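Below: one structure, written as structure tokens.
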Amino acid sequence: MSPVQRPTSPPLYEDSDEEEDLELTPGQILQFEQENAEILRQVENTLAAVKLAESRLLDISALQTELVVQLTRQSEMVDQLYDEAITSQGEVDKGHVQLKQARERAKASRKWLLVFILGATAAMLFLHWYD
């Protein structure tokens, strides 16, 4: 196998006689300076845009952190309210049972009061008749 020969590219510039040809005219120098100034303005504008985006991202991050804190607090409050609602429901159920018991006791006491009043009335009538 024979080695593959690659074509060599000519050098970008040669140091010999071409140095004299590289001198720029004042118009070319002015054009390069204007292009450099334009590139510098574009880079500065890009940098300003990046800094603005960075500050906005930091603001968004701060707002997101505040949102997480507030949502955590809200979640804790909701959990507390849920626990209190469960406790309240239990207390309402106990109160309902106590009201039923009070109603039953009131029925029984009304019966005994009625029996007592009727008995006392009968006794008074008997004593009045006996007299």
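Being open to solvent by 90 Å² or more (accessible area, probe 1.4 Å) and among the polar types (S, T, N, Q) is the filter here, so list the residues in the stretch 21-73 that pass it.
GLN31, GLN34, ASN36, GLN42, ASN45, GLN64
Would you check which residues across the stretch 101-131 are within 60 Å of the chain's Cα centre (by Cα) and of a type in the set (A, V, I, L, M, F, W, C) and list them? Can you show your working first?
Restricting attention to the stretch 101-131, the residues satisfying the condition of being within 60 Å of the chain's Cα centre (by Cα) are 101-109.
Of everything in the stretch 101-131, those that are within 60 Å of the chain's Cα centre (by Cα) and of a type in the set (A, V, I, L, M, F, W, C) turn out to be ALA102, ALA106, ALA108.
The values are calculated or read from the model by the stated rules, or taken from the named source; none is laboratory data. Please read all numbers here as calculations on a predicted model, not as lab measurements. Heads up: the accessible areas ignore ligands, DNA and RNA and are worked out on the full protein's heavy atoms, side chains in. Shrake-Rupley method; radii C 1.70, N 1.55, O 1.52, S 1.80 Å.
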